[in-house]
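Trainee: My questions all concern the structure below.
The values are calculated or read from the model by the stated rules, or taken from the named source; none is laboratory data. Every value quoted in this text rests on a predicted model; they were computed, and no experiment measured them. So basically every Cβ, Gly included, is an ideal-geometry build from the backbone, and we count neighbours across all protein chains shown.
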Amino acid sequence: MKNKKSILWCITGSGYLLKETIDTINKIRNSFLVTVALSNAGEEVVRMYGLESRLFSLSHEIIFEREQGFSSPIVGRLYRGEYSKVVVAPCSANTTAKIVYGIADSLITNIVAQSLKAGIDVLVLPTDIKPKVKTKVPIFINYEKCQGCETCSAIEACSKNAIYIGIQGKPRINLLKCDGCKLCLTRCKAKAIEFGKVVEINTREIDRENASKLAKIKGIKVFLDYEELELF
């Protein structure tokens, strides 16, 4: 472990390439000690995609935004040279915009700002750099298949109480309570609950413009997929 370089890997609130992100952390952890910094939204999204336990098991340390207050004291490590590189992936459109315009009011934007001041390379994978992107959605209910059973077996199976009956009498999923265990998929008799459906999203022009501006910031390198990620 003493011979390994340390990387600070920041995850924001996006499901784009999220599984691939964790797969990449798994691939590099024999060469690097990977400390993961989770934004508040990042923590929620990792959980609802059912990736929380795997990410935690692969990481050297987890840093939560909710534990860093307003000042993000973790950034002091950057000036002490504890990390050789900082990775922000996936980097949401919101975080991208803040970085581009020099706003550092969150854990991840603070880390990026202080990394640049400390002369540490920041590698960023922006989510909204192409006109159209494909991504996978977390658990949802396909109402074309839902039969509105009098007793919903999915509700009975959910230990997190994430599934409930809405005001129209239809089951709904509170993704903030869901941990992506997928037990409801197997219990729903109508097979109406689905996970990981691929959807195509039209990105906003302003978000694409911001993503393109990232590469012009000294100290930041933009990559579009994990084949382009250069850590060595």
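Trainee: Would you mind stating whether V88 is touching a helix residue (DSSP H, G or I) at 6+ places or on another chain (Cβ under 7 Å), buried (at least 20 other Cβ atoms within 10 Å of the Cβ) and among the hydrophobic types (A, V, I, L, M, F, W, C)?
Mentor: On the way: touching a helix residue (DSSP H, G or I) at 6+ places or on another chain (Cβ under 7 Å): yes; buried (at least 20 other Cβ atoms within 10 Å of the Cβ): yes; among the hydrophobic types (A, V, I, L, M, F, W, C): yes.
Taking the combined requirement at face value, the residue satisfies it.
Trainee: Identify, from the list Y79, Y101, the residue that is in contact with a helix residue (DSSP H, G or I) (Cβ under 6 Å, 6 or more places away or on another chain), surrounded by fewer than 21 Cβ atoms within 10 Å (Cβ to Cβ) and at pLDDT 95 or above.
Mentor: Working: Y101 fails: in contact with a helix residue (DSSP H, G or I) (Cβ under 6 Å, 6 or more places away or on another chain).
Of Y79, Y101, the one residue that is in contact with a helix residue (DSSP H, G or I) (Cβ under 6 Å, 6 or more places away or on another chain), surrounded by fewer than 21 Cβ atoms within 10 Å (Cβ to Cβ) and at pLDDT 95 or above is Y79.
Yes/no per residue for (1) under 9 Å from the mean Cα position of the chain (by Cα); (2) closer than 19 Å to A97 by Cβ:
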residue: T12; (1), (2): yes, yes
residue: Y16; (1), (2): yes, yes
residue: E20; (1), (2): no, no
residue: S31; (1), (2): no, no
residue: T35; (1), (2): no, no
residue: E43; (1), (2): yes, no
residue: G50; (1), (2): no, no
residue: S53; (1), (2): no, no
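Trainee: Filter the stretch 99-118 down to residues that are small (G, A, S) and part of a helix (DSSP H, G or I), then give me how many there are.
Mentor: Initially, the stretch 99-118 is screened for residues small (G, A, S), giving 102, 104, 106, 113, 115, 118.
With the extra rule that they be part of a helix (DSSP H, G or I), the set shrinks to 113, 115, 118.
The number of residues fulfilling the criteria is 3.
Trainee: Out of E65, E61, E44, E52, report the one residue that is touching a helix residue (DSSP H, G or I) at 6+ places or on another chain (Cβ under 6 Å), modelled with pLDDT of 95 or more and farther than 24 Å from V222 by Cβ.
Mentor: Working: E65 fails: farther than 24 Å from V222 by Cβ; E61 fails: touching a helix residue (DSSP H, G or I) at 6+ places or on another chain (Cβ under 6 Å); E44 fails: touching a helix residue (DSSP H, G or I) at 6+ places or on another chain (Cβ under 6 Å).
Every option except E52 fails the conditions.
Trainee: For the stretch 148-168, how many residues meet the condition of being over 12 Å from K189 (Cα atoms) and of a type in the set (S, T, N, Q)?
Mentor: 3
Trainee: I'd like to check something: does the stretch 204-219 contain any residue that is at pLDDT below 95, within 30 Å of V87 (Cβ to Cβ), over 17 Å from the mean Cα position of the chain (by Cα) and surrounded by 12 or more Cβ atoms within 10 Å (Cβ to Cβ)? Show your work before the answer.
Mentor: Of the residues in the stretch 204-219, the ones at pLDDT below 95 are 215.
If we keep only those that are within 30 Å of V87 (Cβ to Cβ) as well, we get 215.
Right, trim to over 17 Å from the mean Cα position of the chain (by Cα) and you get 215.
Still in the running and surrounded by 12 or more Cβ atoms within 10 Å (Cβ to Cβ): 215.
Yes, the conditions are met somewhere in the stretch 204-219.
Trainee: Now a separate question. Here is a list of conditions, (1) touching an Asp or Glu at 6+ places or on another chain (Cβ under 6 Å); (2) over 18 Å from D225 (Cα atoms); (3) crowded, with 18+ Cβ neighbours inside 10 Å, and F32 meets all of them except one; can you say which number that is?
Mentor: (1)
Yes/no per residue for (1) acidic (D, E); (2) part of a helix (DSSP H, G or I); (3) more than 30 Å from Y101 (Cα to Cα):
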position	(1), (2), (3)
Q168	no, no, yes
L175	no, no, yes
K216	no, no, no
E230	yes, no, no
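Trainee: Looking only at residues in the stretch 128-172 that are among the charged types (D, E, K, R) and either closer than 30 Å to T95 by Cα or assigned by TED's automatic domain parsing to the domain that holds V45 (or both), which one is farthest from the chain's Cα centre (by Cα)?
Mentor: The initial filter retains those residues of the stretch 128-172 that are among the charged types (D, E, K, R), namely 128, 130, 132, 134, 136, 144-145, 150, 156, 160, 170, 172.
Now drop any that are not either closer than 30 Å to T95 by Cα or assigned by TED's automatic domain parsing to the domain that holds V45 (or both), which leaves 128, 130, 132, 134, 136, 160, 172.
Details: D128: 14, K130: 18, K132: 19, K134: 15, K136: 12, K160: 21, R172: 23 Å.
That would be R172.
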